[in-house]
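Below: one structure, written as structure tokens.
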Amino acid sequence: MIKKFFWMCSGADTELLENCSKAEQIKQAGIGGTVFFTTVMAFIASSYALYTVFDNVYLAVVFGLVWGLLIFNLDRFIVSTIKKRDSLRSEFIQAVPRILLAVIIAIVIAKPLELKIFEKEIDRVLLEEKNNLTLANQEQIALQFSPEIRQLESQVETLKQEIINKETEVNNLYDTYIAEAEGREGTLKTGKGPVYKEKREKHDASLQELQTLRETNNAKISELENQISALKTNYQDKVANTQPVIDGFDGLMARIDALEKLPWLPSFFIFLLFFAIETAPIFAKLMAPKGEYDIRLADREEAARTWADQKAYQRKQQLAADAAINDKVYKDLSEEEELYTYKRKTAREIMQLQADAFYKQQKKLL
């Protein structure tokens, strides 16, 4: 049962193989087994690749099965169409397009498995890229908010500096009228005279201005700080909203790009492995000597070709003979007096009918 299944996979004629030797049957079953296991590898590789795209096991398995069947059909076609000839060069020329197709299939099969084998290394590369993207994203978003935040912070500092300057002025006036009262500056007279009173009034007026300025500026500072806080909140919200896009940066294309950044030699060896698996049936057929199955198949094809040529030749001769007979028959008929008299009579009747019809038509017009 398994042997016949592998025969079917190789694309061989099972009726011919039944009458071949054991060695020939084993050879064809081996070729079919290679085709089958290549299909299994294609199914596994494509299912994983599609799982990274759709993130759905059932969908990946369905499409992976379709891809595996496609590869199976292609491999079976490639192997079954290579015919053994007496010249190795002509066989190789015949196999070149199929080898190129096998290279393409090997690349398609190997790439998803490389993604799985080097998954941890790819995750590390993706993590670094995600971190870089996160920092770059934060910097780009900050460019939208930073100028306005710096401008508002500058206004806050200006308002605070106005309060500090006014406080310094009030303190200086306080020191001035205290020094006047103690006789250390000004009139150098101890006591609260007219000069002291004037300086005290000036200090009190400045203190009132300080209180008014402090209330006004604090209100403005509070409003500006609320605006700054709102801008920083908007910045954090925008960063949080865009972060899922970066976190989801692990699709098939991103993983392939990350794989390209890893050393090429391990990936190359994996490609060689699948190239060897994919081309094994082809090179097995090229290197194997012409066997009993190939001889029987060639004999059957030659018999079919000979039979087709014979039928074509017979149809050609039949057509020529039939044409010659028809020519002779019509030549003999053309010389018969009875046929001539009959056709002459028929032609006369037709011409009379035409003349009568023309006369009636003209009469109606008049």
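With a simple spin-label model that places each label point 7 Å from the Cα along the Cα-to-Cβ direction, the separation between Y359 and L262 comes to 10.5 nm.
Using a cut-off of 28 Å between Cα atoms, the listed pairs K83/K311; K83/K116; K4/K290; K130/K232; K160/K202 include K83/K116 as exceeding that distance.
In a fully extended conformation the segment linking Y48 and L319 would gain 91.3 nm over its present Cα-Cα distance, using 0.36 nm per residue. The residue list I44, Q354, L297 was ranked by how far each Cα lies along the charge dipole of the chain toward its positive end, using unit charges on Cβ atoms, and Q354 comes out on top. Using the average count of surrounding beta-carbon atoms within 10 Å as a protection proxy, the listed peptides 54-62, 253-261 rank, highest first, as 253-261, 54-62. For the stretch 308-365, what does the alpha-carbon gyration tensor say about shape, rounded, prolate or oblate, given a ≥ b ≥ c as the root eigenvalues, a/c under 1.5 as rounded, and a/b over b/c as prolate? Because a/c hits 1.5 or more and a/b fails to exceed b/c, the stretch 308-365 counts as oblate. Between the residues N217, T176, V245, the greatest Cα displacement towards the positive end of the dipole of the stretch 142-250, with unit charges on the Cβ of Lys, Arg, Asp and Glu, is found for T176. Residue separation of T14 and E185 scaled by 0.36 nm, minus their Cα-Cα distance, works out to 48.9 nm of gained length. Using the Cβ of A42 as centre and a radius below 13 Å, the other residues enclosed give a net charge of 0, where K and R count +1 and D and E count -1.
Select one label from [x] 24, 47, 25, 4, 0; [y] 21, 26, 13, 18, 17, 6, 0; [z] 16, 21, 16, 15, 15, 9, 5, 2, 1: the one whose number is P(r) over Cα pairs in 20 Å bins from 0, in percent as derived from the coordinates shown. Answer label, from the structure shown: [z]. Between the helical axis of 194-247 and the dominant principal axis of the chain, each derived from Cα atoms, what acute angle in degrees is found, rounded to the nearest 10? For 194-247 against the chain, the angle is about 20 degrees.
Remark: V66, V329 ranked as V329, V66, counting other beta-carbon atoms within 10 Å and listing the fewest first. Computed from Cα atoms, the angle from the helix 292-334 axis to the main principal axis of the chain rounds to 60 degrees. If only the Cβ of Lys and Arg carry +1 and only the Cβ of Asp and Glu carry -1, the dipole of the stretch 142-250 around its Cα centre is close to 480 debye.
Summing Cβ point charges (Lys, Arg +1; Asp, Glu -1) relative to the Cα centre of the stretch 267-366 gives a dipole of roughly 660 debye. Placing +1 on the Cβ of each Lys and Arg and -1 on the Cβ of each Asp and Glu in the chain, which of F145, N234, V61 has its Cα farthest towards the positive end of the resulting dipole? The one lying farthest along the dipole's positive direction is V61. Computed about the Cα centre, the dipole magnitude for the chain is approximately 1940 debye when only Lys and Arg (+1) and Asp and Glu (-1) carry charge, each at its Cβ. From the square roots a ≥ b ≥ c of the eigenvalues of the alpha-carbon gyration tensor of the stretch 199-345, which class results: rounded (a/c under 1.5), prolate (a/b over b/c), or oblate? Since a/c reaches 1.5 but b/c is at least a/b, the shape of the stretch 199-345 is classed as oblate.
Computed from the Cβ-Cβ distance with R0 of 51 Å, the FRET efficiency linking E198 to Q227 stands at 0.70.
Just so you know, all these numbers are worked out from the coordinates, no wet-lab data involved. Since this is a predicted model, take the numbers as computed values, not measurements. Note that we place each Cβ from the backbone using ideal geometry, even for glycine, and neighbour counts take in every protein chain shown.
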